[in-house]
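Here the structure is laid out as structure tokens; the discussion comes afterwards.
The values are calculated or read from the model by the stated rules, or taken from the named source; none is laboratory data. Treat the numbers as computed from the prediction; the structure is a model and nothing was measured. Counting neighbours? That spans all protein chains shown, and the Cβs are built from the backbone with ideal geometry, glycine included. Ligands, DNA and RNA are stripped out before the accessible areas are found, and what is left, the full protein with its side chains, is counted by its heavy atoms. Shrake-Rupley method; radii C 1.70, N 1.55, O 1.52, S 1.80 Å.
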Amino acid sequence: MAGSKRVCPSNKIIYYPQMAPVVITLVSDGTRCLLARQSSFPKGMYSALAGFCDIGESLEEAVRREVAEEVGLEVERLQYSASQHWPFPNSSLMIACHATVKPGQTEIQVNLKELEAAGWFSHDEVATALRKKSPYTQQQDGTFWLPPKLAIAHQLIKEWVEKPSCSTLPA
């Protein structure tokens, strides 16, 4: 018997913790990336789109569904980037991808049940946000800020800034 487990001391039942797969996707139109925020995010913070995978759904299907549900866009291509265990709040496996939308189909329809806001950001805007050190100074100057370096969303955004074409490879 291998892996993580807990044994109930009273009845000796063995429990194996579950992990929920989550896709986190940075969408690009080739020159801009799409960042969004939930109302639960700290003020001024924007990030990549994210959502839980449904049972029976492939990674690719989950990315396409989440992007369509949250911002009304159709993914043309996607590329896997990396994964990260995220223990909060319920032990998730974050599966990070870059995605591009179909040319000329960049009009965002924000699902206000899931997101507070979403928008396209230029390479320069995102590069500037990455260089900022403290979210508190970013809030004061009226600009947005990004997730901390330990978050896989930060890695996705940094990859896009360093190589914007990384999201244009075929799936």
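Count, please, the residues in segment 119-163 that happen to be open to solvent by 40 Å² or more (accessible area, probe 1.4 Å) and either more than 20 Å from Ala99 (Cβ to Cβ) or modelled with pLDDT under 60 (or both).
15
Within segment 3-22, can one find any residue that is more than 13 Å from the chain's Cα centre (by Cα), open to solvent by 80 Å² or more (accessible area, probe 1.4 Å), closer than 24 Å to Lys158 by Cα and not β-branched (Val, Ile, Thr)?
No - not one qualifying residue is present in segment 3-22.
Could you check, for segment 77-91, whether at least one of its residues is of a type in the set (Phe, Trp, Tyr) and out of contact with any strand residue (DSSP E or B) (no Cβ under 8 Å at 6 or more places or on another chain)? Step through it out loud before you land on a result.
Taking segment 77-91 as the starting set, the residues that turn out to be of a type in the set (Phe, Trp, Tyr) are 80, 86, 88.
Filter once more, keeping what is out of contact with any strand residue (DSSP E or B) (no Cβ under 8 Å at 6 or more places or on another chain): 88.
Yes, the conditions are met somewhere in segment 77-91.
Pull out all pairs, ordered by first then second residue, where Cβ-Cβ is under 6 Å, the residues are six or more apart or on different chains, the first lies in segment 27-40 and is within 16 Å of His154 (Cβ to Cβ), and the second is part of a loop (DSSP other than H, G, I, E, B) and among the aromatic types (Phe, Trp, Tyr).
Leu35/Tyr46; Arg37/Tyr46
Starting from segment 62-82, take each residue that is free of Cβ contacts under 8 Å to residues at least 60 places away in the same chain and list its partners that are open to solvent by 20 Å² or more (accessible area, probe 1.4 Å) and among the acidic types (Asp, Glu), counting only C-beta distances under 6 angstrom and pairs at least six apart or across chains.
These pairs meet every condition: Glu70/Glu114.
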